[in-house]
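The values are calculated or read from the model by the stated rules, or taken from the named source; none is laboratory data. Predicted model, so just to flag it, every value in this text is computed and none were measured. Methodologically, a virtual Cβ is constructed for each residue, glycine included, from the backbone with ideal geometry; neighbour enumeration extends over all protein chains shown.
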Amino acid sequence: MSEPLVYLNGRFVPHSEATVHVEDRGLLFADGIYEVVRVYGGRPFALDEHFHRLERSAAYMRLPLPAPVDELKTAALELLSRSGLQEATIYVQVTRGGGVPRNHAFPKEPRPTVFMIAREARPPAPELKERGASLITVPDRRWHLCHVKSIGLFLNCLAKQEALEAGADDALFVRGAVVTEASSANFMAVWGGELRTHPEGEWILSGITRQVVLTLAREAGIPVVERPFTVEELSLADEAFITGTTTEVLPVVRIDGRPVGSGRPGPVTRRLEEMYAARVRGR
Ligand code: PDD
């Protein structure tokens with residue numbers, strides 16, 4: 001695979017030459033935000049929604065975007081076109097920049113850093129999609145701004161690592177008794193044909209895939225309820241799955257070693273998986 005091309009602060013540069021300041025606030029304070037966009041058949045899916053969320057995340061963190069969002073979007077498209085990739089992800093990151101000595105206070109004249117990387121997509125393995133994922137629950141000790149797509153992801157990384165070390169595929173965050181989301185995906189479950197997921201707010205990321213899947217479910221006549229539920233309630237669910245830009249719709253068949261429903265991907269999940277696969281390719 002050839003070296004990915006990077007867009008960095010207005011220029012297209014080879015990956016090995018794309019460097020940022022050692023005191024960039026992204027490195028020092030995780031003072032930055034990001035987006036991941038999936039490209040199918042050369043066409044970015046939900047590009048506007050991702051850049052709109054980037055703008056919202058920037059506003060929450062009082063982080064000035066280095067260029068109007070439309071300019072950043074145009075740069076993302078240019079990067080994709082130069083990469084020649086058809087099945088790809090575009091990673092976008094903006095930080096409050098560097099170039100001044102470390103200081104918690106925001107710099108008076110921030111020089112934000114923006115970069116984007118287009119890479120070959122790595123969708124979930126067909127074998128994993130076929131059998132379904134197993135999750136372990138972990139206490140959700142993250143901060144209270146999970147709706148902001150911040151690059152401060154240590155507890156997400158730790159949760160994923162713990163899941164892998166436990167022989168599972170991913171972690172499911174539980175705040176108090178309430179199930180919130182997975183380490184890098186939203187979580188949904190089905191009881192008696194009704195689809196439930198945690199409502200939007202400060203405890204989950206307002207996933208773009210989540211929104212698309214809820215719309216698809218409503219289109220398919222599947223009842224949708226956005227309401228918190230506990231681990232105990234979840235133990236009685238018939239089906240479960242996670243949703244995300246890179247995860248797509250992935251069945252969940254075991255949680256903490258116990259089967260979800262029949263222990264096999266369920267019919268509502270499979271239906272939404274198919275509908276999602278068609279929607280991202282514009283069908
Ligand atoms: N993660 N929840 C969390 C904590 C996430 O990190 C993500 C996405 C999602 C799903 O959001 P969306 O459907 O908009 O991708 C939910 C990205 C893909 C990542 O960190 O790589």
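Annotations for the structure displayed:
- Residues in segment 28-48 include none that are closer than 21 Å to R119 by Cα, away from the ligand (no atom under 16 Å from the Cβ), touching a helix residue (DSSP H, G or I) at 6+ places or on another chain (Cβ under 9 Å) and part of a helix (DSSP H, G or I).
- Scanning segment 230-248 for residues that are away from the ligand (no atom under 13 Å from the Cβ), of a type in the set (D, E, K, R), buried (at least 22 other Cβ atoms within 10 Å of the Cβ) and on the phi < 0 side of the Ramachandran plot turns up at least one hit.
- A count restricted to segment 61-76 and to residues that are surrounded by 14 or more Cβ atoms within 10 Å (Cβ to Cβ) and not in a loop (DSSP other than H, G, I, E, B) stands at 5.
- Within segment 151-172, the set of residues being in a loop (DSSP other than H, G, I, E, B), of a type in the set (A, V, I, L, M, F, W, C) and within 14 Å of the ligand (Cβ to nearest atom) comprises I151, L153.
- Annotation: T243 fulfils all but one of (1) of a type outside the set (A, V, I, L, M); (2) in contact with a Pro (Cβ under 6 Å, 6 or more places away or on another chain); (3) assigned to a strand (DSSP E or B); the unmet one is (2).
- Whichever residue in segment 13-48 is buried (at least 16 other Cβ atoms within 10 Å of the Cβ) and of a type in the set (D, E) and, among such residues, is farthest from E248 (Cα to Cα): D24
- Any hit, segment 100-115, residues being surrounded by fewer than 19 Cβ atoms within 10 Å (Cβ to Cβ), of a type in the set (G, A, S), modelled with pLDDT of 95 or more and out of contact with any Asp or Glu (no Cβ under 9 Å at 6 or more places or on another chain): yes
- Among all positions in segment 207-226, there is no residue which is closer than 22 Å to V174 by Cα, at pLDDT 95 or above, part of a loop (DSSP other than H, G, I, E, B) and not small (G, A, S).
- Selection status of V225, more than 16 Å from the ligand (Cβ to nearest atom), among the β-branched types (V, I, T) and surrounded by fewer than 17 Cβ atoms within 10 Å (Cβ to Cβ): yes
- Pairing residues of segment 54-80 that are among the acidic types (D, E) with residues that are in a helix (DSSP H, G or I) and modelled with pLDDT of 95 or more, at Cβ distances under 9 Å and at least 6 apart in sequence or on separate chains, gives E55/V69; D70/F51.
- Matching residues in segment 173-197 - criterion: being under 20 Å from E239 (Cβ atoms), free of Cβ contacts under 8 Å to residues at least 60 places away in the same chain and more than 10 Å from the ligand (Cβ to nearest atom): V174, V178, V179, M188, W191, G192, E194, R196, T197
- Enumeration of residues in segment 110-162 that are charged (D, E, K, R) and under 18 Å from L28 (Cα atoms): R111, K149
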